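Below you'll find the structure, written out as structure tokens, and then a few comments.
The values are calculated or read from the model by the stated rules, or taken from the named source; none is laboratory data. What you see is a predicted model; the values in this text were computed from it and never measured. Every residue, glycine among them, receives a Cβ derived from its backbone with ideal geometry; neighbour counts consider all protein chains shown.
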Amino acid sequence: MLDRPETMLQARAGPGELNAAVVFWVDILLICVVGLLSLLTLPRAFARFSRGGGWTQGLFLRHVSRDPDMPSDAQSEYSRRTLVRRSMNATQSSEIQAEKARTPRPGPRRVRAWQTLFPRMTRVLRFGLVVGRVHLGGAVICVLYFALLLFAALYRTTIWTNPVRAAYVAISQIPVVYLLATRNSVLGVMLGTAYERLNYLHRFAGRLLVLAANVHAIGFIYKFTLQGKWTRVIAEPDISWGLVSLVLLDILFFFSLDIFRRRLHNLFISTHFIASILFLVTVCLHMNAAVPYVIAGAVFYGLDRILRLLKSRLRTATLTCLPELHMTQIYIPTLTSGWRAGQHVRLRVLSAGMGLYAWAEAHPYTIASASTSGGTVQEGVVLLCKNTGRWTRRLYEIAAEDRRGARGGSDVRVFLEGPYGGPGYSIPNSFDGAVFFAGGSGISYGLSGAQELLEQAKTGVSSVRSVDLVWSVHHPDCLRPILPIFSALLAESKAADIALRISVFYTRAVTVRHSFEDLQLPTGLSLTPGRPDVYSVLVDTTQRNESRRGVFVGVCGPASLGDTVREAIGVLDVQGLSSRMGGYELHEEIFSL
């Protein structure tokens, strides 16, 4: 009898040490895998530090003025006059500018992405699945991840004899889940939109955490109920806090389901914010072993919140109606630099006309202008917000009030957070050619991408010689509000010595109301019925570029458009055309809720 307490203590300590050791080494293995993948991408990371790599862009929005003494309104007017003057004089100055552009001006160092080196394997891994629109490669990662955690949960034990193991598996996932939920991690800065595409891993790891916590709780409830101790054990503080932690986790899971995440986004955000913070506190009160993991998760979460605050800007914006596109244009002239083409900001509108609680709603929008200190086609942050719901409809109504009178539009205070996403390691100006496919409001990315490449070519930090911008819309009238910008881009392309072609396709029959006979299309701009032949566009771009720097392909629009472009690139990869010219590097601009 005297040896029994010591034996029980040893028996209790032994599995506890094994539980901690198993999940510790599983986490070490995950860190090693992430570290290895990071090492493989280092050459692409270093390429961004080459001339024209834009490593200083894409972090913080800022204002770089052409003339510090010039007021913002005057500066905006100056930019508009400059645009008109450049358009008028483009023909006369094109020969001089083209002569300068023909001098050797290599772009940034290009390092091919791993997926372009193994095109056939990439095509297989890019195969889209119906569930959650996760590609086959992502599904393979999820299966391997689940197998690893299942091994950690069942190694030399069972969930019924040792339900504590499931608790250790759950707490080991806290840093992973909180890191993948942040927007301002090191991975987010390096990978851009590719990191946001990993949001499915955040959801998957979160569900595994919830599953492990529930298995842990069910195992102990089963054990204590059989022993007749449940009513006594539940009164202990650490067990009570454990139940609270479990309820919070289940709330996080329930309100993260697709129906809440997409249709009741504000409810999803508020429950996530409150429950995720309370969970970190209650799980520490339940289990001392969770403290190191909670500290790591809290550090990731806290740094993200601090950086979000540092990346936020309060500015005055001008709202303008674009009725043909059913959009509202938001123009912020006092932010002119600090982002890359393809990045987006989260927008809050501080106006009573938006509703009592609308200030709490943050909506993501791709920036439709290029970051520049000189001002070319559009100077400042330009956002195009499609009128699709209650919030955007109110925004459109405020713009329609035309509070500025003769100057047009309405001024409101806005709160911008960002920039986020973007091409990450990809450097579009390091390729021979670039193709942008846009659908509807996805033209935001096409406009900023083309403008950025033109500006880089004029400053001598681009190897791009041809740019194709392909836009699919419903009606030809959609071209009217964007036509001046397209005309300015085509005029700028002559000075930059870049072959720019803009192709607009409309998918619905033309009626009298949507007649386009009065449209004056400049040279280089075409308007065609039907849908674009993505394969032919890519082949034509490839044939017009003789060297082996490859083609950058950007996509922003409906998911079906991304699938079509991805399939066309896969066909070209199989045919061998991709490998002969340096490969296609695909960037899909997406948002994750």
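Below is a table of values for the structure above.
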item	result
R346 vs. criteria within 22 Å of S270 (Cβ to Cβ) and in contact (Cβ under 8 Å) with a residue 60 or more places away in the chain	yes
Residue match in the stretch 385-404 (condition: crowded, with 18+ Cβ neighbours inside 10 Å and under 15 Å from R62 (Cα atoms))	no
Criterion (in the same structural domain as P428 (by TED's automatic domain parsing), modelled with pLDDT under 90 and in contact with a strand residue (DSSP E or B) (Cβ under 9 Å, 6 or more places away or on another chain)) met by exactly one of R580, R531, R544, R548	R544
Test result for F204, within 26 Å of E17 (Cα to Cα), assigned by TED's automatic domain parsing to the domain that holds S38 and in contact with a helix residue (DSSP H, G or I) (Cβ under 7 Å, 6 or more places away or on another chain)	no
Residue within the stretch 383-405 that is assigned by TED's automatic domain parsing to the domain that holds A495, in contact with a helix residue (DSSP H, G or I) (Cβ under 6 Å, 6 or more places away or on another chain) and among the small types (G, A, S) present	no
Residue check, F24 surrounded by 13 or more Cβ atoms within 10 Å (Cβ to Cβ), in the same structural domain as A170 (by TED's automatic domain parsing) and either among the aromatic types (F, W, Y) or at pLDDT 90 or above (or both)	yes
Subset of the stretch 133-150 [in contact (Cβ under 8 Å) with a residue 12 or more places away in the chain, surrounded by fewer than 19 Cβ atoms within 10 Å (Cβ to Cβ) and under 25 Å from I221 (Cβ atoms)]	F146
Residue among S487, S503, S462, S493 that alone is crowded, with 24+ Cβ neighbours inside 10 Å, over 22 Å from Q343 (Cα atoms), assigned by TED's automatic domain parsing to the domain that holds Q329 and not hydrophobic (A, V, I, L, M, F, W, C)	S493
Flag if L416 is surrounded by 23 or more Cβ atoms within 10 Å (Cβ to Cβ), in the same structural domain as L483 (by TED's automatic domain parsing) and touching a Cys at 6+ places or on another chain (Cβ under 7 Å)	no
Some residue of the stretch 371-384 being over 26 Å from the mean Cα position of the chain (by Cα) and at negative phi	yes
Test for I443: is it in contact with a Gly (Cβ under 8 Å, 6 or more places away or on another chain), at pLDDT 90 or above and either among the hydrophobic types (A, V, I, L, M, F, W, C) or not in a helix (DSSP H, G or I) (or both)	no
Qualifying positions in the stretch 548-566 - assigned to a loop (DSSP other than H, G, I, E, B) and more than 17 Å from the chain's Cα centre (by Cα)	R548, R549, G550
Residue tally, condition hydrophobic (A, V, I, L, M, F, W, C) and either in contact with a strand residue (DSSP E or B) (Cβ under 9 Å, 6 or more places away or on another chain) or surrounded by 15 or more Cβ atoms within 10 Å (Cβ to Cβ) (or both), over the stretch 248-277	10
Helices (runs of 4 or more DSSP H) lying entirely in the stretch 173-280 (those with 3 or more residues that are without any contact (Cβ under 8 Å) to a residue 12 or more places away in the chain)	199-227, 230-233, 237-254, 258-263
Residues that are assigned to a helix (DSSP H, G or I), of a type in the set (G, A, S) and in contact with a strand residue (DSSP E or B) (Cβ under 9 Å, 6 or more places away or on another chain), drawn from the stretch 458-498	S487, S493
Scope the stretch 526-545; condition more than 15 Å from S503 (Cβ to Cβ) and in contact (Cβ under 8 Å) with a residue 40 or more places away in the chain; matching residues	T542, N545
Unmet criterion (only one of (1) within 30 Å of F260 (Cβ to Cβ); (2) surrounded by fewer than 19 Cβ atoms within 10 Å (Cβ to Cβ)) for V571	(1)
